[in-house]
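The values are calculated or read from the model by the stated rules, or taken from the named source; none is laboratory data. All of these numbers come straight from a predicted model, not from anything done at the bench. Cβ atoms come from the backbone with ideal geometry, glycine included; neighbour counts cover every protein chain shown.
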Amino acid sequence: MQILLFYIPTASKTEAISLGEKAIENRIAACSNIFPIQSIFPWEGTIQNENEFVLVLKTIPSLKNQLTSFITSLHSYEVPCILSWIVEVNESYGMWIKENVLKENSH
């Protein structure tokens, strides 16, 4: 069974928690995980080395556009990184994800 996994760096643990909770409350994601990372990237002419928190969200493929728009509208970054990809999961977990998000025809 396939689900959609999102990987979203955020500025703080508080922001990651807030985005995850809101996505789950709105039933466009079924589960979130949050972990600290160190990111190095160019921004406005200088190399940045920042502590961030990654938000991982799990949903169904048909909610990709809705979840992307939702995160984009709430994210604190001017240019948020929102990565997503299809992953294979065990049948029981995939069914649990489907049961905990919006029905495909209700969005």
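Quick notes on this structure:
- Condition met for F41 (touching a strand residue (DSSP E or B) at 6+ places or on another chain (Cβ under 6 Å) and without any contact (Cβ under 8 Å) to a residue 60 or more places away in the chain): yes
- Selection count where residues are assigned to a strand (DSSP E or B), more than 8 Å from the chain's Cα centre (by Cα) and in contact (Cβ under 8 Å) with a residue 24 or more places away in the chain, scope the stretch 51-82: 4
- Here the condition is being out of contact with any strand residue (DSSP E or B) (no Cβ under 7 Å at 6 or more places or on another chain) and modelled with pLDDT of 95 or more; of V79, V54, it holds for V79 alone.
- Any hit, the stretch 13-31, residues being within 27 Å of K98 (Cβ to Cβ), among the polar types (S, T, N, Q), free of Cβ contacts under 8 Å to residues at least 60 places away in the same chain and surrounded by 18 or more Cβ atoms within 10 Å (Cβ to Cβ): no
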